[in-house]
Amino acid sequence: MTARVLLLAVVALLCTPLAALSLTGTQRRQLRAIAGRREAAKTLQRMKVVEPARSAAELDTVLLAAELVRCKFPVDHKRDVPPLAEELARLVDPPAEVAQVLGHTALLYRPAATPEIVLET
């Protein structure tokens, strides 16, 4: 019985598209560190999100160039940011991952075809 459950779990994992896999805690920590270094070097891409549906195309082009983007959401309450960041991440194709939400900003990551940022697994 245990081998059957393990086999089903492996098959389900292999059938899951790569874009649907979420980041691990270690990978999120790595992305936050990279964003901090890029912030200090003034090379971190930033964008202001007015509305997720309208900003998806702009985010897609920025992610193609940079892989890592800090997005600022002009909302009244900080608690509104995580769902908006998740929605925006889902709207780009292929989907991005939310690496961090801090206050009114979210850090979004999507690996490029030839990744510049290599994350540990």
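Of the residues that make up the range 3-21, is at least one closer than 24 Å to ALA113 by Cα and modelled with pLDDT of 85 or more? Looking through the range 3-21, none of the residues is closer than 24 Å to ALA113 by Cα and modelled with pLDDT of 85 or more.
Against the definition (assigned to a helix (DSSP H, G or I) and open to solvent by 60 Å² or more (accessible area, probe 1.4 Å)), how does ALA53 come out, yes or no? Give the steps one after another, and end with the answer.
Details: assigned to a helix (DSSP H, G or I): yes; open to solvent by 60 Å² or more (accessible area, probe 1.4 Å): yes.
Considered against the rule, which asks whether it is assigned to a helix (DSSP H, G or I) and open to solvent by 60 Å² or more (accessible area, probe 1.4 Å), ALA53 comes out as yes.
Residues of the range 67-80 being open to solvent by less than 10 Å² (accessible area, probe 1.4 Å) and more than 14 Å from GLU51 (Cβ to Cβ), which ones?
Just the residues of the range 67-80 that are open to solvent by less than 10 Å² (accessible area, probe 1.4 Å), to begin with: 67-69, 71, 73.
Across the range 67-80, the qualifying residues are GLU67, LEU68, VAL69.
The C-beta contact set for the range 85-110 (first residue under 10 Å from LEU59 (Cα atoms) and open to solvent by 30 Å² or more (accessible area, probe 1.4 Å), second residue part of a helix (DSSP H, G or I) and modelled with pLDDT of 95 or more, distance under 7 angstrom, 6+ apart or interchain) is empty. Of all residues in the range 39-55, none that is closer than 16 Å to GLY103 by Cα has its Cβ atom under 9 Å from the Cβ atom of a residue that is in a loop (DSSP other than H, G, I, E, B) and among the acidic types (Asp, Glu), 6 or more apart or on another chain.
The values are calculated or read from the model by the stated rules, or taken from the named source; none is laboratory data. Source: prediction; values computed, not measured. Using ideal geometry, Cβ is built from the backbone for each residue, glycine included, and neighbour counts are taken over all protein chains shown. The protein model used for the area step is the full one, side chains on, heavy atoms only, and it has no ligands, DNA or RNA in it. Shrake-Rupley method; radii C 1.70, N 1.55, O 1.52, S 1.80 Å.
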